[in-house]
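Some notes on the structure that comes next.
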Amino acid sequence: MMRFYPGCTLSSSAKPYSRSLAWVWKRLEIEMAELPGWTCCGATAAHALNRDLAYALPARNLAIAQELGDDLIVACSACYSRLKIAQKALENPQTRERVAGVLGRALDGRVQIKNILEVLSAHAPRIQKEKTKALEGLKVACYYGCLATRIPRVEGFDDRENPTMMERLVSAAGATALDWPAKTSCCGASFSVIREEIALKMCSQILEMARRCGADVITTSCPFCQYNLDWAQWALSQQDGQKPKIPVLFITQLVGLALGGSEKELMLGANLTPSPFPKREGRRCSPPRVGEG
Amino acid sequence: MKTLAGDRQFLKEIETHSGEPVRRCFQCDRCATGCPMAPYMQHTPNELFRLIQLGDRRAVLASNAFWFCVSCYTCSVRCPNDIDIAHVMDTLRELSLREGFTPALPQARDFHELFLDCVRRSGRVSELELMARYNLKLRKPFSRFALGWELLRKGRLELWPKRTGELRKIFKALTPNPSPVVTYGRGVPQGRGEGQKEQYKEQR
């Protein structure tokens, strides 16, 4: 069975992600259970200050999955990256022994860590078959950010600097995937807290690029990217009074829309940038028709 | 051996603790070209690496470069010499703190420390708790109030997160005291897989 590692953000700032993800899982009849007793992967903080923790914290979760004999599915790009990097570092027998000693658990490094994009892509044919017309004509900029694909010395699920998995998925869901150059640019990550103006500048550049390429929507699989791009537009609108322009959707929200999910089921209202999908009868959503906006 | 600026031991020290072949850097500048934070850095990664090679310990550890590094790993995957540059930045950050240099971004250190302390106490991070504690630390308790309210209103802040004390033991073993501080030099050789390490030794 597949075990799901949600990560800390999915129960708070990325709540719409976990809600829409659960909906999509149910709709596609994918069997998945949360990893029991999971704990934080340490994120940037651990590897910034204490590299022992940067390996031990993810290793604990790997050990739990290993004891269950299950694959690990990870939604958050940062968690995915930390788990992968820790697994690679644990190939060093000295590091492995030390970490296993601290954890009091055995580590064999055999756990398969999969990104959510891989799982969704595996179901792309089914999504294509069962999609509604909800996304027809919608131009989508797929935004990967840094950590999903750029993991040093680890073979990823896609190209590091020009990944295309999300584009294929979005096309299968019936939307038009744009070719745009900022898909693996950095959104500034924790700088949106530490030094707002820097993150704001980085996000503005990405948003401007998306706008110039004609994107109606940006979609991403990373909670931090979604939050930062969402927040940046909200913050800019507070500064200059202009309304946020490009909605930023989690990939599961977009796929969910294609599969007939409602705004409420997919928690679209929780995004800081308002959804572009005008409500129809029965709270179903549809994109703006061509020529309307 | 003394070089122009300092001593060679510094290069060896950084290489041992990061497990990365810093001496291989030949100033191709790809790291600096791709770095989104380069405009804010006193030294771009390649400049920093040259200073390490020259042994200018003070200039390196007092630099703001590794504090502005956002760990996007662009440099690491582009380096033609296969140096995990972002990982070396982590090593430098730890060393700089241990040797008592003032962090160029004290709020970054505070943020990361508070983050780890939340993890230690609760097993998972509550963003609400983290932001509240961070605001208190900066003595700006009402900073980002409007944003917080907006997130709360939309159901994007968890008020009562699940907590577990499971990680206290791990933190106790891996940090010198209850607050998460740096452990530079206490651990084992890091980073690379076994094969790569051997290969690197042979090449030297």
Residues of the stretch B:150-175 satisfying the condition of being closer than 24 Å to A:Ala232 by Cα and under 29 Å from the mean Cα position of the chain (by Cα): B:Leu151, B:Arg156, B:Leu157, B:Glu158
Residue ID - surrounded by the fewest Cβ atoms within 10 Å (Cβ to Cβ), chosen from residues in the stretch A:1-42 that are within 7 Å of chain B (Cβ to nearest Cβ) and under 29 Å from B:Gly19 (Cα atoms): A:Thr39
Residues that are assigned to a loop (DSSP other than H, G, I, E, B) and on the phi < 0 side of the Ramachandran plot, drawn from the stretch A:9-47: A:Ser12, A:Ser13, A:Ala14, A:Ile30, A:Glu31, A:Leu35, A:Pro36, A:Trp38, A:Thr39, A:Cys40, A:Cys41
Complete set of residues in the stretch B:113-157 that are within 18 Å of B:Arg168 (Cβ to Cβ) and assigned to a loop (DSSP other than H, G, I, E, B): B:Gly123, B:Arg124, B:Val125, B:Ser126
Residue in the stretch A:47-55 that is surrounded by fewer than 21 Cβ atoms within 10 Å (Cβ to Cβ), touching a residue at least 12 places away in the same chain (Cβ under 8 Å) and farther than 30 Å from A:Lys245 by Cα present: no
Test: A:Gly137 is modelled with pLDDT of 95 or more and either at positive phi or of a type in the set (Phe, Trp, Tyr) (or both): no
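Per-residue answers, yes or no, for (1) within 13 Å of another protein chain (Cβ to nearest Cβ); (2) aliphatic (A, V, I, L, M); (3) touching a residue at least 40 places away in the same chain (Cβ under 8 Å); (4) crowded, with 19+ Cβ neighbours inside 10 Å:
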position	(1), (2), (3), (4)
A:Val111	no, yes, yes, yes
A:Ile116	no, yes, yes, yes
A:Ala122	no, yes, no, no
A:Pro125	no, no, yes, no
A:Pro152	yes, no, yes, yes
A:Glu155	yes, no, no, no
A:Asn162	yes, no, no, no
A:Ala173	no, yes, yes, yes
Some residue of the stretch A:67-74 being assigned to a helix (DSSP H, G or I) and surrounded by fewer than 24 Cβ atoms within 10 Å (Cβ to Cβ): yes
Test: A:Glu197 is assigned to a helix (DSSP H, G or I), within 28 Å of B:Phe111 (Cβ to Cβ) and away from every other protein chain (no Cβ under 13 Å): no
Among residues of the stretch B:84-105, those that are more than 9 Å from chain A (Cβ to nearest Cβ) and not in a helix (DSSP H, G or I), counted: 6
Of all residues making up the stretch A:163-180, the number that are assigned to a loop (DSSP other than H, G, I, E, B) and over 15 Å from A:Cys213 (Cβ atoms): 4
Residues that are among the aromatic types (Phe, Trp, Tyr) and within 14 Å of chain A (Cβ to nearest Cβ), drawn from the stretch B:21-43: B:Tyr40
Long-range neighbours under 8 Å by Cβ, at least six apart or interchain, first residue over 17 Å from A:Thr39 (Cα atoms) and at the interface with chain B (Cβ under 10 Å from one of its Cβ atoms) within the stretch A:80-92, second of a type in the set (Ser, Thr, Tyr) and part of a helix (DSSP H, G or I): A:Ala89/A:Tyr55; A:Ala89/A:Thr95; A:Leu90/A:Tyr55
Residue among B:Gly19, B:Gly6, B:Gly55, B:Gly34 that is small (Gly, Ala, Ser) and touching a residue at least 60 places away in the same chain (Cβ under 8 Å): B:Gly19
One residue from A:Leu107, A:Leu169, A:Leu138, A:Leu147 being touching a helix residue (DSSP H, G or I) at 6+ places or on another chain (Cβ under 7 Å), surrounded by 15 or more Cβ atoms within 10 Å (Cβ to Cβ) and more than 14 Å from chain B (Cβ to nearest Cβ): A:Leu169
Residue within the stretch B:18-41 that is among the small types (Gly, Ala, Ser) and out of contact with any helix residue (DSSP H, G or I) (no Cβ under 6 Å at 6 or more places or on another chain) present: yes
Any hit, the stretch B:47-64, residues being touching a Phe, Trp or Tyr at 6+ places or on another chain (Cβ under 8 Å), within 13 Å of chain A (Cβ to nearest Cβ) and either buried (at least 23 other Cβ atoms within 10 Å of the Cβ) or assigned to a helix (DSSP H, G or I) (or both): no
Residue match in the stretch B:141-155 (condition: at the interface with another protein chain (Cβ under 9 Å from one of its Cβ atoms) and farther than 25 Å from A:Ala270 by Cβ): no
Condition broken by A:Ile64, with the remaining ones in (1) within 30 Å of B:Thr91 (Cα to Cα); (2) surrounded by fewer than 22 Cβ atoms within 10 Å (Cβ to Cβ); (3) more than 11 Å from chain B (Cβ to nearest Cβ); (4) β-branched (Val, Ile, Thr) satisfied: (3)
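The values are calculated or read from the model by the stated rules, or taken from the named source; none is laboratory data. Keep in mind that what you see is a predicted model, and the values were worked out from it rather than measured. Cβ coordinates were reconstructed from backbone atoms using ideal geometry, including for glycine residues, and neighbour counts include every protein chain displayed.
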